[in-house]
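Step one of this worksheet: look at the structure below.
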């Protein structure tokens, strides 16, 4: 069966510090991968998605970036965090080439920027 | 631009009641619609996925319906239990996009 892992689960960082959140998927090949952010009192916002290694699409302009160094690994990064980057970050995957496919989420990473 | 709305935003009911949660979307050209459950501080758990060609899906006490022409989906929860307390989110995938557009959710509390 397929599983998705995110870490760290919780992170408290000062403004201006770097960020790295990692997501890995097991039990599937060539998944489509997604990073969402859920800010307090707001809905889920798609940040990045990837359909293959090195292929990243960005949905919103921001100081975050994403990379996919391996087939089942998706990393969310920042060189200098802003207060507004605080939120709950969720990684998700779905099977490739299946527009009818179901989306599955990880447990999330809660980032607090102070 | 697809927009997804969920009503009500919050709901508090006694145990045993049958519930209906509503989801509406503005663009009826969708591939599918997915219902999720989110417990506080946790990720999203997929509950039901309805393809555009389907009218409903059932899983245990849950039943989700889809009416594309009117841009609506409902999630029916039968015989609610305190363990059903969570936020319920619907999301749609439109044609020619790899994105799911989410509603802001319905926060459900079922009390004993």
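The values are calculated or read from the model by the stated rules, or taken from the named source; none is laboratory data. A quick note: this is a predicted structure, and the numbers were derived from the prediction, not measured. A quick note on method: Cβ atoms are made from the backbone with ideal geometry, for glycine too, and the neighbour counts reach across all protein chains shown.
Odds and ends about this structure:
- Failed item, numbered, when residue B:55 is tested on (1) within 14 Å of chain A (Cβ to nearest Cβ); (2) exposed (fewer than 12 other Cβ atoms within 10 Å of the Cβ); (3) without any contact (Cβ under 8 Å) to a residue 24 or more places away in the chain: (1)
- In region B:84-112, the residues that are in a loop (DSSP other than H, G, I, E, B), within 14 Å of chain A (Cβ to nearest Cβ) and surrounded by fewer than 21 Cβ atoms within 10 Å (Cβ to Cβ): B:95, B:96, B:97, B:98, B:99, B:104
- Out of B:9, B:86, B:91, B:29, sole residue that is modelled with pLDDT under 95 and under 21 Å from residue A:41 (Cα atoms): B:9
- Which listed residue is facing chain B (nearest Cβ under 8 Å) and either under 18 Å from residue A:12 (Cβ atoms) or surrounded by fewer than 21 Cβ atoms within 10 Å (Cβ to Cβ) (or both), from A:82, A:103: A:103
- Hey, residue A:36 within 9 Å of chain B (Cβ to nearest Cβ) and more than 26 Å from residue B:107 (Cβ to Cβ) or not: no
- Residue B:12 being facing another protein chain (nearest Cβ under 10 Å), surrounded by fewer than 18 Cβ atoms within 10 Å (Cβ to Cβ) and assigned to a strand (DSSP E or B): no
- Test for residue A:55: is it out of contact with any strand residue (DSSP E or B) (no Cβ under 6 Å at 6 or more places or on another chain), within 12 Å of another protein chain (Cβ to nearest Cβ), surrounded by fewer than 16 Cβ atoms within 10 Å (Cβ to Cβ) and more than 30 Å from residue B:106 (Cβ to Cβ): yes
- In region B:24-83, the residues that are under 26 Å from residue A:6 (Cα atoms) and in a loop (DSSP other than H, G, I, E, B): B:39, B:40, B:41, B:42, B:43
- Scanning region A:19-45 for residues that are over 13 Å from residue A:105 (Cα atoms) and either out of contact with any strand residue (DSSP E or B) (no Cβ under 6 Å at 6 or more places or on another chain) or modelled with pLDDT under 95 (or both) yields a count of 10.
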